[in-house]
Each structure stands twice: as structure tokens, then as C-alpha cells.
Amino acid sequence: MPKEKDDLMEKIVSLCKRRGFVYQGSEIYGGLAGTYDYGPYGVELKNNIEDLWWRMFVRERRDMYGLDAAILMNEKIWEASGHTGAGFADPIVECEKCHHRFRADHLENKKKCPDCGGALGEERQFNLMFETKVGAEGAQKSYLRPETAQGMFVNFKNIIDSFHPRLPFGIAQIGKAFRNEIAPRDFIFRVRELEQMEVEYFVRPEAWEKSFEEWRSEVYRYTDAIGIPRSQIHELEVPDGERAHYSKRTIDFEFDFPFGRKELYGLAYRTDFDLSSHANASGQDLSYLDEEKKERLVPHVVEPSFGVDRTVLAILSSAYTEDELGGEPRTYLKFNKSVAPIKAAVFPLLKNKPELVKKARKVYESLKADSSKLKAIAWDDNGNIGKRYRRQDEIGTPACITIDFQTLEDDTVTLRNRDTGEQERVSVDSLASRIA
Ligand code: GAP
């Protein structure tokens, strides 16, 4: 990795820790590889990403059904879906000298250990699912789900029976998934506990290509809405032999991360693979009756899959900006307003002037009372104004509002723009609409 890109990643990781976005999981015990905890601003950012997704792909549509399925599922699901087999395993090699393990397909030299130079052993397949035992006696084997998708396939019949939807329609879910990655790396890019936002979109078999194209555009509509620049997204048509075992066509949406161009999202045509496999394995009828055509069929599936953690990282790395303002270097996160954890911060110019503090509190409380922005308005009276601006810039707050002596006379405040640093005087009455 070029030095400046390496530096950028280090800067992002350090800003995330310093400002309360992302912490190492289990940090005080030395960590647990591949796990991270989202701090106060990180969780707001993540919630904004998820809320917008849910709004665009569930609430604003007429053909989508939401779901929140259990993470623990009957082990037979994973046998039927092909996840217990070779389809969900990565090639692993172990060094005979230092016993470090590596993903064989990530190594340039498959004979020599990159850590100690020792000889690497035989390549074998390593299944990525976390196995667990259910019940007091631990009699029943189960797995932590490696994708949210299967929850939607095994509830297909429930949705049909309760809602009688007509094709095409989709089931959407946001939730945790777990993968025992051989080499978790690149901060929150490849983790062992991850979050996915997935749609299983059910179509007539002959309609899959049309639907595939529609979801392809929907991916960009979403990345535009959260502010990921199109110039940093690149499509990769995944060739035969490299697609997941269930897919007949896959496009990876890759993003220019600081450590290289890597998969951000996937769009797959899963055919009727999952529904037919579950119908065979469970003995249940998972077909759909097309009333108009008087025909029974097993729908085919188009699946856009969005990783939340990778979305957070793509947003952080495209928003991270260094510039000079007022002759001083500064760092700021140029978040799109839709995802910024804090939409506006309110400051009294001086913290030791009760009349300013009182007025600033009033402005703060009235903005906060607007329920849609409840958590997104911050109060800051620490240090001088310059320091407060820097702090808000670093967490990507688009607007800063300062209450000064003039406010007491004419009920106007200064509204400062994060990106330009420009300030204008606006009336207190207009603040709510300006911030919105
Ligand atoms: N249901 C389809 C599916 O799970 P995938 O390509 O294996 O397909 C979908 O994963 C998305 O989940 C990826 O595009 C990525 O955003 C995210 N993802 C997968 N593995 C991940 C990991 N170990 N860490 C973080 N995100 C991951």
C-alpha cells in the first residue's frame, strides 16, 4: 500500500477512537480479533445509514416486507443452503514453523510464510461458520448465521400466507451476521461479527434480468443518498468459477478504500436455488400460485446485499478531509447531512456569561424538542470557539450555531458552515428550517 494511503487509514482509525466512532472490541482485555464496538457517534452514523436504507427500500415502497429473523436457526437450514459444504469455506494454509494461518488465496507465494519465512503446509478448506450448541445439554448443533438472507427464504411461506403478495415482491432485513474469517483485517472492512442490510426480491423466472437492472440502479440511488461519491464506486462482473455457489450472475460494487479497490456491496441472481433447496429439504411447498396465469412456480431471486460496516468505512474514508482554514491546518469529516451523527451544535460565545448561556440553552432546547432531530443537536461550551469548531469539524457536524451578545439584542445567531468555514447571521426563528 502506498505510504500516504497507509497513513490515511491510520488517521481514520485514530480519529474513530479519539472522537468516539469505533473502538477495538474487548479492548481492555487486549481485544478480540475481528470485532469492533461502535461508540456514541459511530452508532448514530450506523443508525442513520440503516434508517435511510429501511426508509428507501421498505417504507417508501409498496412491494417490500420487513423481517427480523432469529440469528440462531435450525442447522438443517445451513445444510440445505449449502453453507455447511465447500461453498462457504475458504482455503487455509498453516506455517509449519510459527503456526500462523493464512488465507491461501490472499498469498502471492503459497510455499513460504510471509511472517517468518517458514514452509507452509498443505492447503485445506476452512468453513467460515461459527458453530454453537443449543439447550442445557447442548444436544442440538446450531450456527451463528453467516448471512441474513436465509432468514428471508425460510419465512417466504409465512409472508405469502399472511400477506398474499403478488410477484414481484421482496423481503428485507437488517441484522448481524457472523463469519469466522481466517484473516480479519483493514479495520472494520473484514470483521468476524458484521451487519448486513439485505433484500431478497422474488420474481417470475423470466423477469430476473429486468429486476437485476432495477436493483443495480437502486444501489446507486442509495449510495447517492448517503453521500458515497460515484467516482469511487466500480462494478466488477464476477466471472464463472468465482461466484458464490448459489449465484448465476453477480456484480460486486467495489469502492476505492484507502487500502485498495475492494468489495463494498454485492448484487446476485440466486435463481430458485434457495427456495428449491429448502422445499426439498423441509418437505414444505415453497411454490407461489400466480392467480392471473393460473400457474404454480418457484420464484427466482435477485439479491442486493449491503454490508453496514463497509458502508461506515466507505463514508468515513470518502469524507475524511484535510485542508487549511484561517491559516491553520484542520481535519474534518465531510459527511452528507443525511448520515452526519450530529446535525448542528449550539454554543454560548462565553461560558461564564449567564445571560448568553441562558439564551443558548433556550435555542438548544427548542431545536432538540423537534423530535426528528432529538439526538442530533449537540451542546458545547468547552474551550474557546475555535476549539469547539475544530471538535465539531472532526465529527462532521454540518452546522455550528453561536449565541453572542448581538443575539440578546436582535435574536440573531451566527450559523457556520463546516465545509467553507463561512459564517452568516440568521434569525433564531429560521434555525430549525435552515438545519433541516
Ligand atoms: N447474502 C449474500 C452475502 O452474504 P456476501 O458477498 O458474502 O453475500 C454481502 O456478503 C456483503 O456483506 C458484502 O458485500 C460486504 O458488504 C458484507 N460482508 C461480507 N463479509 C464481511 C466481513 N467479513 N466483514 C464486513 N463485511 C462483510
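Considering only the stretch 237-272, state which residues are of a type in the set (A, V, I, L, M, F, W, C), within 10 Å of the ligand (Cβ to nearest atom) and touching a Leu at 6+ places or on another chain (Cβ under 6 Å).
Residues satisfying the conditions are F253, F255.
Tally time: how many residues in the stretch 341-361 are closer than 11 Å to I403 by Cα, without any contact (Cβ under 8 Å) to a residue 24 or more places away in the chain and in a helix (DSSP H, G or I)?
2
If I go through the stretch 98-133 residue by residue, how many of them are in contact with a Phe, Trp or Tyr (Cβ under 9 Å, 6 or more places away or on another chain) and farther than 23 Å from G87 by Cβ?
Residues that pass the stated criteria total 4.
What tally of residues in the stretch 385-428 results from selecting those that are in contact with a Cys (Cβ under 9 Å, 6 or more places away or on another chain), aliphatic (A, V, I, L, M) and crowded, with 19+ Cβ neighbours inside 10 Å?
1
Just for strands (runs of 3 or more DSSP E) wholly inside the stretch 1-85: which have at least 2 residues that are in contact with a Cys (Cβ under 9 Å, 6 or more places away or on another chain)?
Of the strands (runs of 3 or more DSSP E) lying wholly inside the stretch 1-85, those with at least 2 residues that are in contact with a Cys (Cβ under 9 Å, 6 or more places away or on another chain) span 22-24.
Which one of these does A183 not meet: (1) modelled with pLDDT under 95; (2) under 28 Å from L286 (Cα atoms); (3) aliphatic (A, V, I, L, M)?
(2)
Can you tell me which residue in the stretch 190-204 is surrounded by the most Cβ atoms within 10 Å (Cβ to Cβ), limited to those that are within 9 Å of the ligand (Cβ to nearest atom) and either modelled with pLDDT under 95 or not in a strand (DSSP E or B) (or both)?
V191
Restrict the check to the stretch 309-327 and report whether at least one residue is in a strand (DSSP E or B), in contact with a Gly (Cβ under 8 Å, 6 or more places away or on another chain) and away from the ligand (no atom under 12 Å from the Cβ).
yes
(1) closer than 22 Å to Q150 by Cα; (2) surrounded by 14 or more Cβ atoms within 10 Å (Cβ to Cβ); (3) of a type outside the set (S, T, Y); (4) modelled with pLDDT of 95 or more: which one isn't true of F126, the others all being true?
Just one mismatch for F126, condition (4).
Test K133 against the criterion of being free of Cβ contacts under 8 Å to residues at least 24 places away in the same chain, farther than 17 Å from D90 by Cα and part of a strand (DSSP E or B), and give yes or no.
So K133 fits the description; yes.
The values are calculated or read from the model by the stated rules, or taken from the named source; none is laboratory data. Here the structure is a predicted model, which is why all the values come from computation and not from measurement. Cβ sites come from the backbone with ideal geometry, for glycine too, and all protein chains shown count toward neighbours.
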